[in-house]
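Enquirer: Submitted below is the structure of interest, expressed as structure tokens.
The values are calculated or read from the model by the stated rules, or taken from the named source; none is laboratory data. Since the model is a prediction, treat every value here as computed from it, not as a measurement. Heads up, the Cβs are rebuilt from the backbone with ideal geometry, glycines too, and the neighbour counts pull from every protein chain shown.
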Amino acid sequence: MPTPLISANVAVIGAGASGLVAARELRREGHKVVVFERETQIGGTWVYDPRVETDPLSLDPSRMIIHSSLYSSLRTNLPREVMGFRDYPFIPKTDKTRDPRRYPGHREVLLYLQEFAREFEIEDMVRFETEVVHVGLVEDGKKWKVKSKKKSASNDVEVAPDFRVVDETYDSVVICSGHFTEARTAEISGISSWPGKQMHSHNYRIPGPFLDQVVILIGNATSAIDISREIAHFAKEVHVASRSVADETYQEQPGYDNMWLHSMIESVRDDGSVVFRNGRVVLADIILHCTGYKYNFPFLESNGIVTVDDNRVGPLYKHVFPPVLAPFISFVGLPWKVVPFRMFELQSKWIASVLSGRVALPSQEEMMEDIEAFYLSLEASNIPKRYTHNLADSQFEYNNWLAAQCGCEGFEEWRKQMYYVSCNSRLLRPDAYRDDWDEGHLIMEANNDFAKYTS
Ligand code: FAD
């Protein structure tokens, strides 16, 4: 007789894209799920917030924290066909209020996630305005204590919100809290006496405040590319500093007469000037750090079993389970340079089926050996620790491995090809890639696949 599946009591932290799909997969597998969400609605990153943090560099620990890093004009950097979950494609809606573009604006993604949550009745599982403040093992070492703070409704707007603290015990905790909120800034020699302003892209919303300014923008990932171009229409000059170009680099950017690409900043001086490694000196008003984010799990007390070291969350088996605590603590969504939603879906299926006992994990020792071998392979290739969760080309093998574990279909070939076409055209035509798409056959393949779920 087959062993009956285990139904666990699971706490999911976060109701962004990863928490939503985790909740769906866990419930499908028969688990009892509570999703904790500190904001008032689902969507996480995709809930645009026009407010910015009180510290524009986002370093002051006492600042008010704003979760989302979206800017007002943001359009997706992946085609919608690639972005959606497997069985709930992100297809354009005919309603005139909707954004039918292949790379839609951020509101369209939020609407898609809201529809996904409605379709699978996920909101019933969510406790809104409830922040998880502590997750720790209970004494017998088999369950998790989850302490959460619920904002109580107060009719008196003059009164600070009142909080109710609740202590509960769960069999398992799935961490889906996102990793694009805690800013990482560049270290710059001489910065403490530089008189200009500094901010992080987490607090960038609109270009207006950069009117007539001389801006130094550090970074060259997707947000940096978008923001530099948007600002260039307002600013006097934009100087992009990149650590991934040769020291002598100094190039006017095609299509712009006020934007240049430089190598990294060498130092800054107290007269307001910025010295680049290419020897150029620019008198600047503001430095904008588009330098990414740090993993941060302030609520997690794991007695040192899971740590964040130079942006490596570890040790984690396949970026999901810490061997010593597996399968009762897991992370969804840590890898970056990936197709996020589809990966979240596969990680969630794996977690759900491991918790139910349908899929087995290797022994603790085997998982540790696998992790050590992975870390050694990174070292051997001179890949810094902070790139541990950067999957890029290896994401397809990773996703297919996850799919094989839970016996479901792997990463679709058309999705992989569309991803590559999109990345290449973003590099070649950063101003235009979102609005011209030639690969009609890939769209046809995607639509044929979607018909299985939409007709
Ligand atoms: P989030 O969306 O960040 O959600 C985490 C949730 O957890 C939030 O709702 C938060 O309030 C909640 N939370 C956190 N801590 C707690 C706590 N202690 N208690 C309770 N709740 C908590 N991806 C794409 O596929 N396409 C794109 O074009 C794209 N563009 C992007 C542009 C920008 C600027 C950024 C920052 C990211 C972009 N991404 C894009 C990646 C994006 O982050 C993922 O698509 C995805 O939205 C991440 O989902 P998540 O659920 O992991 O995290």
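Enquirer: What pairs come out if I take residues in the stretch 332-352 that are touching a residue at least 12 places away in the same chain (Cβ under 8 Å) and pair them with residues that are in a helix (DSSP H, G or I) and among the acidic types (Asp, Glu) whose C-beta lies under 6 Å away, six or more apart or interchain?
Expert: Once the first residue is touching a residue at least 12 places away in the same chain (Cβ under 8 Å) and sits in the stretch 332-352, its partners that are in a helix (DSSP H, G or I) and among the acidic types (Asp, Glu) give 348/25; 349/25; 352/25.
Enquirer: Residues that are crowded, with 22+ Cβ neighbours inside 10 Å, at least 3 per element: which strands (runs of 3 or more DSSP E) completely within the stretch 305-355 meet that? Give the derivation first.
Expert: Values: elements: 307-309, 312-314, 329-331.
Those strands (runs of 3 or more DSSP E) span 329-331.
Enquirer: Using the structure shown, decide if residue 289 is under 30 Å from residue 79 (Cβ atoms), surrounded by 20 or more Cβ atoms within 10 Å (Cβ to Cβ) and touching a residue at least 12 places away in the same chain (Cβ under 8 Å). Steps first, answer last, please.
Expert: Working: under 30 Å from residue 79 (Cβ atoms): yes; surrounded by 20 or more Cβ atoms within 10 Å (Cβ to Cβ): yes; touching a residue at least 12 places away in the same chain (Cβ under 8 Å): yes.
Taking the combined requirement at face value, the residue satisfies it.
Enquirer: Give me the pairs: first residue in the stretch 28-45 and of a type in the set (A, V, I, L, M, F, W, C), second residue assigned to a helix (DSSP H, G or I) and near the ligand (Cβ under 7 Å from one of its atoms), beta-carbon distance under 7 Å, and six or more apart or on different chains, which are they?
Expert: So the pair list comes out as 35/19.
Conditions (1) in contact with a Cys (Cβ under 8 Å, 6 or more places away or on another chain); (2) in a loop (DSSP other than H, G, I, E, B); (3) over 29 Å from residue 12 (Cβ atoms), marked per residue:
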| site | (1), (2), (3) |
| --- | --- |
| 168 | no, no, no |
| 177 | no, yes, no |
| 195 | no, yes, yes |
| 206 | no, yes, yes |
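Enquirer: So, one more: Among the residues of the stretch 13-37, what is the count of those that are more than 9 Å from the ligand (Cβ to nearest atom) and either within 12 Å of residue 332 (Cβ to Cβ) or not in a strand (DSSP E or B) (or both)?
Expert: Keep residues of the stretch 13-37 that are more than 9 Å from the ligand (Cβ to nearest atom), which gives 23-34.
Filter again for either within 12 Å of residue 332 (Cβ to Cβ) or not in a strand (DSSP E or B) (or both), leaving 23-31.
Qualifying residue count for the region: 9.
Enquirer: Let me ask something else about it. Within the bounds of the stretch 67-81, is there any residue that is within 14 Å of the ligand (Cβ to nearest atom), hydroxyl-bearing (Ser, Thr, Tyr) and in contact with a Ser or Thr (Cβ under 6 Å, 6 or more places away or on another chain)? Explain how you work it out, then say what you get.
Expert: Step one: of the stretch 67-81, the residues within 14 Å of the ligand (Cβ to nearest atom) are 67-81.
In the following step, the residues that additionally are hydroxyl-bearing (Ser, Thr, Tyr) were identified as 68-69, 71-73, 76.
The next check asks that each one be in contact with a Ser or Thr (Cβ under 6 Å, 6 or more places away or on another chain); those that pass are 68.
There is at least one residue in the stretch 67-81 that is within 14 Å of the ligand (Cβ to nearest atom), hydroxyl-bearing (Ser, Thr, Tyr) and in contact with a Ser or Thr (Cβ under 6 Å, 6 or more places away or on another chain).
Enquirer: Give the stretch 163-190 a look and list any residue that's within 13 Å of the ligand (Cβ to nearest atom), touching a residue at least 24 places away in the same chain (Cβ under 8 Å) and not β-branched (Val, Ile, Thr), or say none.
Expert: Within the stretch 163-190, 176, 177, 178, 179, 180, 182, 183, 184 meet the criteria.
Enquirer: How about the stretch 116-148: which of its residues are within 15 Å of the ligand (Cβ to nearest atom), among the basic types (Lys, Arg) and over 29 Å from residue 90 (Cα atoms)?
Expert: Once the filter is applied, which keeps residues that are within 15 Å of the ligand (Cβ to nearest atom), among the basic types (Lys, Arg) and over 29 Å from residue 90 (Cα atoms), the stretch 116-148 yields 145, 147.
Enquirer: OK, next. Please specify each residue of the stretch 223-264 satisfying the condition of being within 16 Å of the ligand (Cβ to nearest atom) and either in contact with a Lys or Arg (Cβ under 6 Å, 6 or more places away or on another chain) or polar (S, T, N, Q) (or both). Step through it out loud before you land on a result.
Expert: Quick first cut of the stretch 223-264, residues within 16 Å of the ligand (Cβ to nearest atom) only: 223-231.
Listed by number, the residues that qualify are 223, 228.
Enquirer: Kindly establish whether residue 426 is farther than 24 Å from residue 308 by Cα, in contact (Cβ under 8 Å) with a residue 60 or more places away in the chain, of a type in the set (D, E, K, R) and part of a loop (DSSP other than H, G, I, E, B). Lay out the reasoning, then the answer.
Expert: Working: farther than 24 Å from residue 308 by Cα: yes; in contact (Cβ under 8 Å) with a residue 60 or more places away in the chain: yes; of a type in the set (D, E, K, R): yes; part of a loop (DSSP other than H, G, I, E, B): no.
Spelling it out, it is not the case that residue 426 is farther than 24 Å from residue 308 by Cα, in contact (Cβ under 8 Å) with a residue 60 or more places away in the chain, of a type in the set (D, E, K, R) and part of a loop (DSSP other than H, G, I, E, B).
Enquirer: Would you check which residues across the stretch 236-263 are over 19 Å from residue 428 (Cβ atoms), in a loop (DSSP other than H, G, I, E, B) and not acidic (Asp, Glu) and list them?
Expert: Looking only at the stretch 236-263, we keep the residues that are over 19 Å from residue 428 (Cβ atoms), and these are 236-239, 241, 243, 246-248, 250, 257-258, 260, 262-263.
When the remaining residues are screened for being in a loop (DSSP other than H, G, I, E, B), the result is 236, 243, 246-248, 257-258, 263.
Within the stretch 236-263, 236, 243, 246, 258, 263 qualify.
Enquirer: Next question. Does residue 62 fit the bill of being more than 11 Å from the ligand (Cβ to nearest atom), part of a loop (DSSP other than H, G, I, E, B) and at pLDDT 95 or above? Before the answer, list the steps.
Expert: Numbers: more than 11 Å from the ligand (Cβ to nearest atom): yes; part of a loop (DSSP other than H, G, I, E, B): yes; at pLDDT 95 or above: no.
Criteria not met by residue 62.
Enquirer: Of all residues being within 20 Å of residue 44 (Cα to Cα) and touching a Pro at 6+ places or on another chain (Cβ under 8 Å) in the stretch 74-97, which is surrounded by the fewest Cβ atoms within 10 Å (Cβ to Cβ)? Just the residue, please.
Expert: If we take residues in the stretch 74-97 being within 20 Å of residue 44 (Cα to Cα) and touching a Pro at 6+ places or on another chain (Cβ under 8 Å), then 75 is surrounded by the fewest Cβ atoms within 10 Å (Cβ to Cβ).
Enquirer: Name the pairs: first residue in the stretch 100-127 and farther than 19 Å from residue 86 by Cα, second residue hydroxyl-bearing (Ser, Thr, Tyr) and surrounded by fewer than 21 Cβ atoms within 10 Å (Cβ to Cβ), Cβ to Cβ under 6 Å, at least 6 apart or on different chains?
Expert: 106/48
Enquirer: Among the residues of the stretch 38-47, are any more than 18 Å from the chain's Cα centre (by Cα) and more than 8 Å from the ligand (Cβ to nearest atom)? Spell out how you get there, then give the answer.
Expert: Of the stretch 38-47, the ones more than 18 Å from the chain's Cα centre (by Cα) are 40.
After this cut, where a residue has to be more than 8 Å from the ligand (Cβ to nearest atom) as well, the list is 40.
Within the stretch 38-47, one or more residues are more than 18 Å from the chain's Cα centre (by Cα) and more than 8 Å from the ligand (Cβ to nearest atom).
Enquirer: Looking at (1) touching a residue at least 40 places away in the same chain (Cβ under 8 Å); (2) more than 13 Å from the ligand (Cβ to nearest atom); (3) within 23 Å of residue 135 (Cβ to Cβ), which one does residue 305 not meet, given that it meets all the others?
Expert: (1)
Enquirer: Before we move on, is residue 220 surrounded by fewer than 20 Cβ atoms within 10 Å (Cβ to Cβ), within 16 Å of the ligand (Cβ to nearest atom) and either within 22 Å of the chain's Cα centre (by Cα) or free of Cβ contacts under 8 Å to residues at least 24 places away in the same chain (or both)? Can you show your working first?
Expert: Numbers: surrounded by fewer than 20 Cβ atoms within 10 Å (Cβ to Cβ): yes; within 16 Å of the ligand (Cβ to nearest atom): yes; either within 22 Å of the chain's Cα centre (by Cα) or free of Cβ contacts under 8 Å to residues at least 24 places away in the same chain (or both): yes.
Here the answer is yes, as residue 220 does meet what is asked.
Enquirer: Only one of these is crowded, with 21+ Cβ neighbours inside 10 Å and over 23 Å from the mean Cα position of the chain (by Cα): 238, 245. Name it.
Expert: 238
Enquirer: Let me ask you something else. Hey, among 10, 34, 52, which residue is modelled with pLDDT of 95 or more, buried (at least 22 other Cβ atoms within 10 Å of the Cβ) and either in contact with a Lys or Arg (Cβ under 7 Å, 6 or more places away or on another chain) or of a type in the set (Val, Ile, Thr) (or both)? Lay out the reasoning, then the answer.
Expert: Numbers: 34 fails: buried (at least 22 other Cβ atoms within 10 Å of the Cβ); 52 fails: buried (at least 22 other Cβ atoms within 10 Å of the Cβ).
On inspection, the qualifying residue turns out to be 10.
Enquirer: I'd like to verify a number: residues in the stretch 334-391 that are more than 16 Å from the ligand (Cβ to nearest atom) and among the β-branched types (Val, Ile, Thr), how many?
Expert: 5
Enquirer: Next question, about the same structure. Restricting attention to the stretch 99-115, report how many residues are within 23 Å of residue 444 (Cα to Cα), within 12 Å of the ligand (Cβ to nearest atom) and not charged (D, E, K, R).
Expert: Final tally of qualifying residues: 5.
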